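Asker: Take a look at the following structure, please.
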Amino acid sequence: EVMKVDAVMPMWGHASENPSLPTNLLKIKRKVTFIGPPAEPMQALGDKIGSTIIAQSAGVPTIGWNGDKLKVDYAKTGIPQSVYDQANVLTAEDALACAERIGYPVMIKASEGGG
C-alpha cells in the first residue's frame with residue numbers, strides 16, 4: 001500500500017508459501033492483486049497431512065501412511081476437520097497399530113515444518 005504497487009508476485013521464500021499474504025492483501029484499501037494461488041489451497045498444500053490427502057484423492061500414488069485410505073473432494077468440501085482428525089496419530093498405541101499395518105521400517109514426521 002505504501003509503495004502503491006498494483007500487484008504482488010512472490011516467487012520463492014517465506015512470502016510465497018504464506019497464506020496470510022493473499023488474505024491480507026484483500027483487506028487493504030488499495031486494490032493489490034496477488035499473483036499466485038488463493039490462501040486456502042496454499043494453506044492446505046503447506047501442511048503435510050492436507051497435501052497428502054489432496055494428492056491421494058487426485059489419484060497420485062503415495063507411500064503407505066496412517067491416512068492412506070482417506071479421500072476428499074477438495075473442490076467441494078476442502079478437507080473437513082473430521083477427515084483431517086482421522087489422519088492424526090495421537091497415542092503410542094495408535095502409532096504402533098499404524099506401523100504394523102503399513103509395515104516396517106517407518107518414518108515418524110511432524111505434520112508441519114520443514115524436513
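The values are calculated or read from the model by the stated rules, or taken from the named source; none is laboratory data. Keep in mind the model is a prediction, meaning the values are calculated, not measured. Please note: Cβ atoms are built from the backbone with ideal geometry, for glycine as well, and neighbour counts cover all protein chains shown. For accessibility, only protein heavy atoms count, side chains too; no ligands or nucleic acids. Shrake-Rupley method; radii C 1.70, N 1.55, O 1.52, S 1.80 Å.
Asker: Tell me the mean residue ellipticity at 222 nm calculated for the chain from its helices only (DSSP H runs of n ≥ 4, each -39500 (n - 2.57), averaged over every residue, nearest 500). Intermediate values should be presented prior to the final figure.
Answerer: Working: 6 runs with 44 residues, N = 115.
Computed ellipticity for the chain at 222 nm equals -10000 deg cm²/dmol.
Asker: Same structure again: Provide the packing ranking of 51-59, 77-85, i.e. peptides ordered by the mean count of other C-beta atoms within 10 Å per residue, highest first.
Answerer: Highest mean packing first, the order is 51-59, 77-85.
Asker: Then there's this: Suppose we look only past 24 Å in the calculated P(r) of the chain. What percent of the Cα-Cα pairs does that tail hold? Show your work: numbers first, answer last.
Answerer: On the way: 2631 of 6555 pairs.
The proportion of pairs with Cα distances above 24 Å equals 40 percent.
Asker: Sorted by packing (mean other beta-carbon atoms within 10 Å per residue), highest first, where do 34-47, 89-102 land?
Answerer: On the way: 34-47: 15.9, 89-102: 12.0.
Ranked from most to least packed, the peptides come out as 34-47, 89-102.
Asker: Taking K and R as +1 and D and E as -1, what net charge do the other residues with C-beta under 14 Å from the C-beta of residue 7 add up to? Don't jump to the answer; show the numbers that get you there.
Answerer: Details: positive: 4, 30, 31; negative: 1, 6.
Around residue 7, the surrounding residues sum to +1.
Asker: Same structure, new question: With the other protein chains left in place, how much accessible area per residue, in square angstrom, belongs to the chain at a 1.4 angstrom probe? Working shown, then result.
Answerer: Values: 8250 Å² over 115 residues.
Result: 72 Å² per residue.
Asker: Related question: For the chain, which whole-number percentage of the solvent-accessible area (1.4 Å probe, protein heavy atoms only) is attributable to carbon and sulfur atoms?
Answerer: Working: 5050 of 8250 Å².
Roughly 61 percent, rounded to a whole number.
Asker: Could you run the Karplus curve 6.51 cos²θ - 1.76 cosθ + 1.60 with θ = phi - 60° over the stretch 31-36 and give me ³J(HN,Hα) per residue in whole Hz, x for Gly and Pro?
Answerer: In residue order, the calculated couplings are 6, 10, 7, 8, 9, x Hz.
Asker: Between residue 34 and residues 5 or more places away or on another chain, which pairs have amide H atoms under 5 Å apart, with H built 1.01 Å from N, and which residues are they?
Answerer: 8
Asker: Helix 92-102: angle to the longest alpha-carbon principal axis of the chain, degrees 0 to 90, nearest 10?
Answerer: For helix 92-102, the angle is close to 80 degrees.
Asker: Could you please report the charge total around residue 39, scoring K, R as +1 and D, E as -1 over all other residues with beta-carbon less than 12 angstrom from its beta-carbon?
Answerer: Details: positive: 27; negative: 17, 40.
Residues near residue 39 contribute -1 overall.
Asker: Which lysines, if any, have their Cα less than 27 Å from the Cα of residue 27, not counting same-chain residues under 8 positions apart?
Answerer: Candidates past the 8-residue exclusion: 4, 76.
Asker: So, with +1 on the Cβ of K and R and -1 on the Cβ of D and E, and no other charges, what is the size of the charge dipole of the chain about its Cα centre, to the nearest 20 debye?
Answerer: Values: 11 positive and 12 negative charges, 109 e Å.
Roughly 520 debye, rounded to the nearest 20.
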